[in-house]
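Contents: one structure, followed by commentary.
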Amino acid sequence: MASIHDLMLARSRGARWLPSPRLDTLAAAARFIDDIGFAVLFPADRVEVPSLFEAVADPDAVAWAQGMGAAESTVWTWKDALPAAGCAWSGRLLHRRASLVSPALLASLYQGQGDLDDHRGFELPPDSHRIAEALLPGPLPSSALRELVGDRKRYGPAIAELHRSLLVTSAGVVEQRGGWPATLVDLTCRVFDVGRGGDRADATRRFVATVIEANPTGLAKAFGWPLPVAKAELSSLLATGEANLTAAGNHRLVDTS
């Protein structure tokens, strides 16, 4: 049985994560991501972050319950349309799931210098470096990058590492002669204004503001940070008086309004 605290937290998150009316245009989705900072595409158990699906679908809808419905199709289209318009980074990040990140939060999370060859300064698998090198001249469809790696099973982990490092993003789609359109992949620094070394304190502040209450494990899993880093960043918010601890031991920003 949920506690009163849990019910109140769920209500606060609902007010923050569920727009009214629901999103029905790409422009509305762009404003939503800009305001909230980040979202997974679809909700999942034990993933306590906003989802674009819940911001689009009817209140009682369950993702994929009826297959590819109208809401699922909208989310699937917007995951490529938003980055193509420069409105959100798109890739696998939050809890290693397909995610969207606002340009402002992206600038704080991105740890590179904003150079096309930023990947060379990261410890990545050889296939990840190979993909990033191939993207130096310009964006390529995912189908071409799979062929470059030469093995579908190797491509998945390689592109996932580039996503986790925020070095690449979806940049739209390209039609293919047969089958579904292919995702167009590009270097993040070519699509977005990044490269000032990041600001983890700002990213942490934005994360707590969106999830209302946060703990080190949730922050670490969301952004892919080492747990000691997440602990240190949340502790800094306590030290500066920007956050306090709840009765449940979570971090919550101090209301200064």
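The values are calculated or read from the model by the stated rules, or taken from the named source; none is laboratory data. None of these values were measured; they are calculated from a predicted model. Using ideal geometry, Cβ is built from the backbone for each residue, glycine included, and neighbour counts are taken over all protein chains shown. The protein model used for the area step is the full one, side chains on, heavy atoms only, and it has no ligands, DNA or RNA in it. Shrake-Rupley method; radii C 1.70, N 1.55, O 1.52, S 1.80 Å.
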* Quick check: is even one residue across segment 228-245 loosely packed, with under 15 Cβ neighbours inside 10 Å, under 27 Å from L18 (Cβ atoms) and either under 22 Å from the mean Cα position of the chain (by Cα) or not hydroxyl-bearing (S, T, Y) (or both)? -> yes
* To do: Return the total of residues in segment 242-252 being over 19 Å from A203 (Cβ atoms), without any contact (Cβ under 8 Å) to a residue 40 or more places away in the chain and of a type in the set (G, A, S).
  => 1
* Structure fact -> Exactly one of D186, D199, D255 is open to solvent by 60 Å² or more (accessible area, probe 1.4 Å), among the acidic types (D, E) and without any contact (Cβ under 8 Å) to a residue 60 or more places away in the chain, and that residue is D255
* Taking G156, is it open to solvent by 20 Å² or more (accessible area, probe 1.4 Å), of a type in the set (G, A, S), out of contact with any Phe, Trp or Tyr (no Cβ under 9 Å at 6 or more places or on another chain) and not in a helix (DSSP H, G or I)? -> no
* To do: Scan segment 68-97 residue by residue and report those that are under 16 Å from V173 (Cα atoms) and open to solvent by 20 Å² or more (accessible area, probe 1.4 Å).
  => S73, T74, W76, T77, W78, K79, A81, A84, A85, G86, C87
* What is the residue count in segment 24-60 for residues that are open to solvent by 20 Å² or more (accessible area, probe 1.4 Å), over 26 Å from R164 (Cα atoms) and not β-branched (V, I, T)? -> 5
* Just wondering, is there one or more residues in segment 194-201 that are farther than 27 Å from A85 by Cβ, at pLDDT 95 or above and more than 16 Å from the chain's Cα centre (by Cα)? -> yes
* Residues of segment 120-136 that turn out to be assigned to a helix (DSSP H, G or I) and open to solvent by less than 10 Å² (accessible area, probe 1.4 Å), as a count -> 3
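For every residue, the table says whether it meets (1) of a type in the set (F, W, Y); (2) closer than 17 Å to L184 by Cβ; (3) modelled with pLDDT of 95 or more.
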{"site": "G67", "(1), (2), (3)": "no, no, no"}
{"site": "S73", "(1), (2), (3)": "no, no, yes"}
{"site": "L82", "(1), (2), (3)": "no, yes, yes"}
{"site": "C87", "(1), (2), (3)": "no, yes, yes"}
{"site": "S99", "(1), (2), (3)": "no, no, yes"}
{"site": "A107", "(1), (2), (3)": "no, no, yes"}
{"site": "G121", "(1), (2), (3)": "no, no, yes"}
{"site": "S128", "(1), (2), (3)": "no, no, yes"}
* Structure fact -> For L162, the lone unmet condition from (1) open to solvent by 30 Å² or more (accessible area, probe 1.4 Å); (2) touching a residue at least 24 places away in the same chain (Cβ under 8 Å) is (1)
* Hey, A144 part of a helix (DSSP H, G or I) and either open to solvent by less than 30 Å² (accessible area, probe 1.4 Å) or of a type in the set (A, V, I, L, M) (or both) or not -> yes
* Asked: Yes or no: V191 under 17 Å from M8 (Cβ atoms), under 19 Å from the mean Cα position of the chain (by Cα) and not hydroxyl-bearing (S, T, Y)?
  -> no
* Close pairs from segment 10-25: first more than 17 Å from K79 (Cα to Cα), partner loosely packed, with under 11 Cβ neighbours inside 10 Å and among the hydrophobic types (A, V, I, L, M, F, W, C), Cβ under 8 Å, at least 6 apart -> A10/A2
* helices (runs of 4 or more DSSP H) contained in segment 2-105 and holding at least 1 residues touching a Cys at 6+ places or on another chain (Cβ under 7 Å) -> 26-36
* Asked: When segment 203-227 is examined, which residues are found to be part of a helix (DSSP H, G or I), open to solvent by 30 Å² or more (accessible area, probe 1.4 Å) and touching a residue at least 60 places away in the same chain (Cβ under 8 Å)?
  -> R206, A209, K221
* Asked: What are the residue pairs meeting all of these: first residue in segment 124-139, first residue more than 11 Å from R154 (Cα to Cα), second residue acidic (D, E) and assigned to a loop (DSSP other than H, G, I, E, B), Cβ atoms under 9 Å, and 6 or more apart or on different chains?
  -> A132/D117; E133/D117; L136/D117
